[in-house]
Amino acid sequence: MSGRLLLDDLVAARAREFAGRREELALFESILDAGAAAAVYVCGPGGIGKSSLLHQYAWFASRRDRRVVRFDAAETGPSADAVLAGLARAAGATPDSAVTPDEVLAALGGSPGPVLLIDGAEHLAALDRWVREEVLARMPADTIVVLAGRGEPPLAWRTDPGWRTILRVVRLRELDPNDCREVLRRRGLAEASQVAALGFARGHPLALVLAAEIGAALGDRPEPEGAPAHALRELLTALLDSVPGPRHRAALEASSQVRVTTEPLLAAVLDEPDVHDVFEWLRGLSIVEYSGAGVRPHELVRDLLSTELRWRDPERYATIHRRAGEHYHRRLAAGDPVVFDLAYLHRDSPILGPYLSFVTPGGAAPGDLVATPMRAGEWPRLRGMLERHEGPGSAGLADRWAAEATVSVVRSGDGTPVGFFVLLALETLDPAARDADPATAAAWTHLEAAAPLRPGETTLYVRHWLAEDTYQEVSAAQTLMTLHLVRLYLTVPGLAVSFLPVADRDYWVDACAYADLDHRPPADFTVDGRGYAVYAHDWRAVPPSAWLQVLAARETATGPEAAPPRPDTGPTESEFAAEVRAALRELGRPDRLAHNRLTGSAVVTAATRAGGVASGRAVERAIRAAAAVLEGSIRDRPAYRALHHTYLQPAGTQQGAADLLNLPMSTYRRHLVKGVQRLTAVLWQRELAARADDGATTRGDTSNADWPESGR
């Protein structure tokens, strides 16, 4: 049996088709000739040819009888253990349990030292220090390490006195015209078709590969005018025209909209029971990358496909997003961690997209970070982060919660804390401690006044959340925290309300509005002279399933209405309260109450169906029934009396009501405000209960016709 491997033929074929990059190859040959330790960092944008250059480096090294070890960092998880296991497999070992650094170094050892080629180096950013000091620095002294990534080498590579002496940075650019022609010639494209292909590709290696594959489709079309991006879009159109059929085109377009494509997801998006043949075609394309999580088009191709689809066929664009979202919703209900995939669907939103810049196709989490519980002895370090950003007063308040609350720490791959967040359930806190913190005191008071918790319900208050370097601004750590919280919101049993304080309201106002978080001014607070705006979501009014529908509707919106109102899930708490105040002014006038938007609320609709009364009278009955609850409460009696003499049996003027109650006007007004608030709270609780009784995760029986625009 011959000792020749298929890999040998693959390497030789790649070498035959490779063209250009003479300076980069000469540099590597000189490093091989020197026989000393070296580090080469190849960087450049997606599709520029980094992986192809690494294949060529491997061929050069193997011809010198150097052992070559190839490792793709994009194929591993975000932890040090996953990287060690991946390196061990790349070195030929078969780990069946946790691997130690010494075991990996033993597998990579030998004389001369190996040529270690690491592709996807950007996925190791969070582990950079550990990779350099604990793995690479302990390899044989004549090891050659080549890393390829999209960005520049991390700063430590360029500033460390040791590494910078052996580091060579290779920045890849577009190919020159002669090299472009050579690429096309070696891929078999006829010379007559090369002019059009060169015009479309503009020196971009991946575009050249695309051009070679669809040269026949391009024909003799002249070079298009405009920027290279326009030429690439034209090239993409030709590619789409050359796919085998409409199902294949639909599969390619679908893959551009989701983080990674699996066969079940593709079946859901195409709405077909069996898509195995199309999926196999998709994964075999040269423009599609394969990973353990699924397949994904190269980022250059993805961007072009997505942009083209959105303007050409916005209805299909929306359909793909809707079906993908429904697939993720089903997986989420089954307990699968797909919140990153859900977030990726919003990356093109002009409002939410900038907040999701760290949710990328590569990696399981933004920046390959992880969130784990706080470890023993970590609080002083976390407290220092908090005090640096929020001051000693805030840090002092957090000392109490660190011992009682859930503290989750965001860590880099080597376990170093880079941020944290603190979660509280307000109803479980010691009342004295809750009242001592202005944040929790304000939130609890607001909750009790607006919509008290019912038995079995809970709250989630994100008391502190910050990244070490960027505080509450968008970052990889902040993104991971946000998505972790979303997963909790969608899965915590009995969650009634979630609260989120922000230090910079202007910075977060658009994202909060998009995510259906309402600003709750009564819950705002101040610590150390710094004000915090508090946003909240009532999960009883808009439960998880309805909330996901809200986001799905906004996900594919375009233009000025990119964050349209939520679908018909019932009035918000603030809308409901405004209509209660309006209805109080019209009590005794059922003809006018018939135009109040409370006629479309669940509590009034239920009363109308049950009692067969007109909608206006049903509104008045609901208000008077709620007022009776206040009348029966000793604590609410003063507030009820002010409400009674102002609206239920009016004295004519507020001064007259105050005189009847023998109260100063200021005291009367204070009781009246409380009476309206308590009446609204009782009605709101009944509204939520009525929605639950109807099984209303959306508005159910309540349509736009039932919730009319106010006639006032």
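Structure notes:
- Scanning region 65-94 for residues that are among the hydrophobic types (A, V, I, L, M, F, W, C) and closer than 18 Å to SER51 by Cα returns VAL68, VAL69, PHE71, ALA73, ALA74, LEU87, ALA90.
- Of everything listed in (1) of a type outside the set (D, E, K, R); (2) modelled with pLDDT under 85; (3) under 28 Å from the mean Cα position of the chain (by Cα), the single unmet condition for TRP130 is (2).
- For region 484-505, the criterion of being of a type outside the set (D, E, K, R), on the phi > 0 side of the Ramachandran plot and out of contact with any Leu (no Cβ under 7 Å at 6 or more places or on another chain) is satisfied by at least one residue.
- Selection count, region 259-285, where residues are touching a Phe, Trp or Tyr at 6+ places or on another chain (Cβ under 7 Å) and either aliphatic (A, V, I, L, M) or not assigned by TED's automatic domain parsing to the domain that holds ASP303 (or both): 1
- When VAL502, VAL509 are checked against the criterion of being at pLDDT below 90 and among the aliphatic types (A, V, I, L, M), a single residue qualifies: VAL509.
- Verdict on GLU75 being closer than 20 Å to ASP414 by Cβ, charged (D, E, K, R) and touching a strand residue (DSSP E or B) at 6+ places or on another chain (Cβ under 7 Å): yes
- Tally of residues being surrounded by 20 or more Cβ atoms within 10 Å (Cβ to Cβ) and of a type in the set (A, V, I, L, M) across region 501-516: 3
- Put simply, of ALA334, ALA318 the only residue that is without any contact (Cβ under 8 Å) to a residue 12 or more places away in the chain and out of contact with any Lys or Arg (no Cβ under 9 Å at 6 or more places or on another chain) is ALA334.
- Candidates are the residues of region 622-644 that are buried (at least 16 other Cβ atoms within 10 Å of the Cβ) and within 23 Å of ALA594 (Cα to Cα); the one that is farthest from the chain's Cα centre (by Cα) is HIS644.
- Residue list for region 430-449, restricted to those being farther than 21 Å from ARG530 by Cα, surrounded by fewer than 22 Cβ atoms within 10 Å (Cβ to Cβ) and either modelled with pLDDT of 95 or more or of a type outside the set (Asp, Glu) (or both): PRO431, ALA432, ALA449
- Of all residues in region 26-45, those being small (Gly, Ala, Ser) and surrounded by 15 or more Cβ atoms within 10 Å (Cβ to Cβ) number 4.
- Yes/no for VAL169 being out of contact with any helix residue (DSSP H, G or I) (no Cβ under 7 Å at 6 or more places or on another chain) and modelled with pLDDT under 85: no
- So TYR668, is it buried (at least 20 other Cβ atoms within 10 Å of the Cβ), among the hydroxyl-bearing types (Ser, Thr, Tyr), in contact with an Asp or Glu (Cβ under 8 Å, 6 or more places away or on another chain) and farther than 18 Å from PRO571 by Cα: no
The values are calculated or read from the model by the stated rules, or taken from the named source; none is laboratory data. None of the values given here were measured: they were computed from a predicted structure. All Cβ positions, even for glycine, are placed from backbone atoms using ideal geometry, and neighbour counts span all protein chains on display.
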